[in-house]
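The values are calculated or read from the model by the stated rules, or taken from the named source; none is laboratory data. Source: prediction; values computed, not measured. Cβ sites come from the backbone with ideal geometry, for glycine too, and all protein chains shown count toward neighbours. Ligands, DNA and RNA are excluded from the accessible area calculation, which covers all protein heavy atoms including side chains. Shrake-Rupley method; radii C 1.70, N 1.55, O 1.52, S 1.80 Å.
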Amino acid sequence: MSESYVSEYQRSFIWPQYQLKGRDAEEGWVEGGGEREIKEEEEEDRGSTLASPPSSPSRSFLSSISNGSYNGEDVAFFIPASDESLPATSSLISFDISPQARGESDSRPLPLPSSSLLPLFTSYIQPSSSLSCGGSVQLPCGTSPRLVSLTSRFSAGSTSSSQDSIDRSLVWFTRGDMRLHDNEALFKSTSPSSSSSASSSHIIPLLILDPAFLATLSPHTLHLYLLAVNDLRDSFQRHPHASSPLIVRTGPVEELLPALVHASQATSLWVYEDVTENQRSLVRRGLSSLPSPSSSSSKPITVHKWTTRLRSSVKGGTVGDNWAKDYLPVVQKLPLDPPFPSFPPSSPPSSSTSPWLPEDVGRIPSFEELLQLTFGGEESPSSPAPSPTASLLRQARALAAREEYWTPSYYPEDQGEGEEGKEGRVGGETLALRWVKEYMELGPLAFGEKHLPASGTGLERQVMRRLVLAKGYAGLFDGEVFTRAFSPLLDLGVLSPRYLATLLPPSPPPSLPPALRPFLLQGRGVEAALVSEVLERREWHQVLAERDVDHASWPETEPFEFKYWRFHGHNVRYAVSKPHMASGKSGSGGSGPEDQGQVPAEGGGEDVPTLLLVHGFGASADQWSKCFLELRRMGDPAHPHFDPAFHARFPRGVRVFALDLLGFGHSEKPSVTYTQYLWQDQVRDFALEVLQSPFFIAGNSIGGFTAASVAADIGPLCQGLILINTAGKVTSPEAYAAELTSRAGRTVEETTRSASLPPFSGPPKAVLTAFSAGLFWYLQPRVEQICKDLYRHSPQEVGPRLVNNIVRDSCDPGALGVFASGGRLPSPRSTNELMAKFGGPVLVAQGILDPLNDAKGRAALLQAAWEDVEVVEIEGGHCVHDERPRETCAAMAAFVSRVLGSGKEGGKGGREEEVALPVVTGAGGR
């Protein structure tokens with residue numbers, strides 16, 4: 001019943017003891033006390049009528065209640081404002097509202113929201129010890145008249161109520177399942193299992209806006225997430241089989257989830273299982289807060305974890321790590337799993353029974369409120385002073401907000417009026433399904449022109465603008481429009497890949513070479529095959545990620561563990577140092593990691609520096625494994641490589657991270673145009689969303705150029721920059737000054753942002769693809785020898801692990817696109833420009849035997865390019881971090897110690913600018 005219906009009765013109340021109707025098993029309808037209306041003008045003189053009721057309910061009715069034989073279900077009563085003498089909470093016997101009490105001839109029951117309930121009726125009729133009321137409902141007494149209605153059935157000699165015959169499933173929505181279509185949790189939770197004695201089932205949809213989780217999302221993703229939350233609530237309100245609206249709570253999941261489980265008396269909990277660490281951490285914190293099954297304080301709850309796969313039988317533990325040898329032979333023999341309906345056809349309509357519902361289903365915060373909650377708002381004199389790290393993070397996020405990755409605008413206010421006017425401006429699942437239909441009808445070129453405008457001030461957007469201006473959307477790589485538009489939607493789970501796959505016509509196997517598609521397919525068949533291939537590639541990297549996060553598959557001796565993060569919908573693998581005993585002795589009696597002298601893997605403190613490592617072209621995070629091990633040894637007094645000075649400065653060690661750039665390692669290799677700006681955006685967002693602390697950044701080869709770009713753009717959050725045989729243009733100070741003069745004093749960044757550069761397309765796609773395929777064919781069999789040529793001092797350091805990783809990674813679908821993108825790279829910012837913008841301390845750890853260039857000459861140019869540059873020459877080749885890890889780590893550790901000891905850490909990049917987080921209206925607040 002709506003609140004408007006309730007308000008119609010607030011002028012005339014019927015006290016519960018004045019009208020109690022029920023159907024006695026033997027006597028039929030019984031009625032006690034008659035009916036008496038209390039007019040509004042008499043209310044002030046009435047006083048507390050509850051203290052001495054003028055009449056009593058029917059004796060036979062009370063008798064049937066007390067002995068447990070009452071089998072009826074129709075009792076209507078109205079309740080007035082609460083009396084302070086009433087208990088705040090109580091067990092409730094519940095009833096359906098009688099149609100006769102409503103003055104209607106229709107015999108259908110009228111369900112009322114459980115938020116209308118008050119613990120009033122039990123102040124007159126207390127259940128006997130042999131009568132169970134289905135648990136306690138804890139609700140505060142109301143402050144205004146309310147209409148009460150619940151359903152309960154009792155049978156003679158029974159110790160359980162009808163509540164026990166209902167399976168209550170709490171469906172906990174998280175990032176990854178924000179939809180009704182193809183939702184396994186919704187389908188199975190509304191279908192009582194064959195082993196269950198329940199006569200019906202109800203779902204309680206729940207979403208918790210946990211601040212710690214939301215802080216791991218970029219403002220862009222946070223806004224998409226909020227749009228999905230609003231759309232999900234609207235979908236539940238519209239759905240005819242939804243027995244409850246979406247309940248939204250804001251706060252720590254470890255506090256809110258157990259409270260909701262207890263209040264709802266849920267028998268099962270469904271939650272989506274993902275490979276990303278922020279999602280896994282959210283679920284871990286929530287589930288660990290629930291009472292153990294052996295706890296006597298609450299009913300046990302069954303937890304169901306689920307996920308969406310194209311083929312549920314193919315998981316990380318069932319196949320190997322090679323796309324062509326392990327994955328394709330398996331999946332080509334298996335059909336796709338069909339999608340689940342949102343609700344079973346046999347599910348009872350929402351009006352048949354009244355499920356549990358809290359008094360307040362929760363308001364969805366606005367985008368501005370979520371920004372304030374997760375990232376902090378503008379400082380004011382009355383607000384407490386933020387920590388130095390919080391201030392740096394906020395400034396860095398504001399700087400990053402203007403570097404927009406090229407995706408469509410998903411925001412309702414940017415979608416235009418359209419045929420449906422303002423009502424057609426939507427987000428979440430509704431938008432995703434609408435766009436799928438449009439994509440199928442328009443094709444990628446027309447869809448891209450409509451929803452993927454070549455505009456924006458971000459550096460990556462400017463590069464893509466130039467490409468589109470040159471040859472239109474046909475000049476993009478195959479599948480790029482779909483990948484950029486739908487990957488963020490697939491990430492949130494507002495669109496199911498399994499459902500999307502069913503909309504496509506049969507396509508050739510994924511192993512079919514792209515060059516053969518036009519001969520076997522025509523028209524839209526080519527486009528459908530491209531979408532199918534994008535989905536299959538995405539599925540493969542999900543399976544690969546499952547293998548990596550299964551720690552049992554990695555040796556215990558590894559100094560790091562692999563985890564996953566997501567960048568605009570794409571899986572990114574990263575390594576993080578394991579907690580370890582850095583001091584060699586126990587702490588002062590505590591039991592936590594910090595008390596035991598262990599280095600925390602996440603969230604290091606002020607005395608635990610953070611180091612982020614970026615690999616070079618063709619390599620991966622695993623190439624830094626020796627540095628992880630060496631930095632650990634330097635803090636271990638029992639190891640010969642122990643460094644007393646390092647240990648004295650950092651007794652809790654160093655927090656170390658390394659990530660796979662998109663297109664390399666085990667990270668996803670999406671069908672996009674790879675540029676240096678895409679990689680720097682990826683690494684910058686990783687620092688903001690995963691590290692969430694000041695950090696030092698080190699990079700080798702193209703990873704060094706990427707590290708310098710991040711240091712320049714992220715502001716003082718970066719404490720220091722370490723370049724290890726870095727790639728990128730570097731000139732003398734005089735030559736750099738001449739370049740600036742030739743561009744009227746503007747840097748490459750300023751020129752690029754001005755949108756004044758002409759269109760640029762590079763070589764044709766066919767030429768790039770053919771050249772890349774030939775290069776792959778030549779390089780793959782020669783990986784070991786090429787690496788040994790680069791490891792000039794110690795070629796024996798090139799082992800099977802390094803070679804096998806490079807070969808395996810190059811076999812992943814989409815790896816060829818990284819090579820093909822090399823012909824489209826725009827003119828880069830020089831290292832001179834990047835170091836000047838960074839303005840912080842720089843270490844150049846240079847392998848002087850590098851065969852790719854004049855290593856000593858480049859080191860001298862780098863030292864002259866900026867005033868605070870330290871050069872350490874190492875007898876080694878291009879990858880000294882893997883060839884000479886002890887010498888490289890010693891140089892890095894000394895640099896970190898010097899910088900932190902001097903108090904000069906942190907670049908100036910962007911510090912002088914007044915920037916703020918984006919404020920987007922039109923979302924949330926419901």
Inset, instruction - Bin all alpha-carbon pair distances of the range 218-263 at 5 Å intervals from 0 and give each bin's fraction as a whole percent. - result: 5, 18, 18, 20, 23, 13, 4
Inset, instruction - Quote the accessible area belonging to H202 in square angstrom, nearest 10, computed with a 1.4 Å probe and with ligands, DNA and RNA left uncounted. - result: 10 Å²
Inset, instruction - Would you compute the Debye intensity of the range 733-825 from its alpha-carbon atoms alone, equal scatterers and no solvent, and pass along log10 I(q)/I(0) at q = 0.11 Å⁻¹ to two decimals? - result: -0.60
Inset, instruction - Could you work out how far apart the two model spin labels at K437 and E561 are, taking each label as a point 7 Å from the Cα in the direction of the beta carbon, and quote it in nm? - result: 4.5 nm
Legend entry - Additional length obtainable on full extension of the chain from Q237 to D607, 0.36 nm per residue less Cα span: 128.2 nm
Legend entry - Flagged links, alpha-carbon separation over 19 Å, of K669/K788; K471/K669; K626/K788; K578/K626: K669/K788; K471/K669
Inset, instruction - Just read off the accessible area of L535 with the full protein assembly in place, 1.4 Å probe, to the nearest 10 Å². - result: 10 Å²
Legend entry - Kirkwood hydrodynamic radius of the range 827-898, from inverse mean 1/r over distinct Cα pairs, in Å: 12.8 Å
Inset, instruction - For the range 223-321, just list the percent of Cα-Cα distances falling in each 10 Å bin from zero outward, please. - result: 12, 34, 36, 16, 1
Inset, instruction - Just name one of P781, P759, G823: the one whose Cα is farthest towards the positive end of the charge dipole of the range 747-869 (beta-carbon charges, Lys/Arg +1, Asp/Glu -1). - result: P781
Legend entry - Calculated FRET value between H304 and E739, using beta carbons and R₀ = 60 Å, to 0.05: 0.45
Inset, instruction - Compute the distance in nm between two label points, each set 7 Å from the Cα along the Cα-to-Cβ direction, one at F760 and one at A773. - result: 2.7 nm
Legend entry - Accessible area (Å², per residue) of the range 208-314, counting only protein heavy atoms and a probe of 1.4 Å: 35 Å²
Inset, instruction - Give me the accessible area of Y272, 1.4 Å probe, in Å² rounded to the nearest 10. - result: 20 Å²
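Set the Förster radius R0 to 45 Å, insert the Cβ-Cβ distance between W554 and L825 as r into 1/(1 + (r/R0)^6), and round the FRET efficiency to 0.05. Can you show the working numbers first?
On the way: r = 35 Å, r/R0 = 0.77.
The computed FRET efficiency comes out at 0.85.
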Inset, instruction - At 0.36 nm per residue, minus the direct Cα-Cα distance, what do D326 and S455 gain on full extension? Give it in nm, one decimal, please. - result: 42.3 nm
Inset, instruction - Take the alpha-carbon centre of the range 470-497, take the same for the range 726-766, and report the distance between them in whole Å. - result: 29 Å
Legend entry - Inverse mean reciprocal Cα-Cα distance (Kirkwood Rh) of the range 663-795, Å: 18.1 Å
Legend entry - Length gained when the stretch L852-L445 is fully extended (0.36 nm per residue, less Cα-Cα span): 142.4 nm
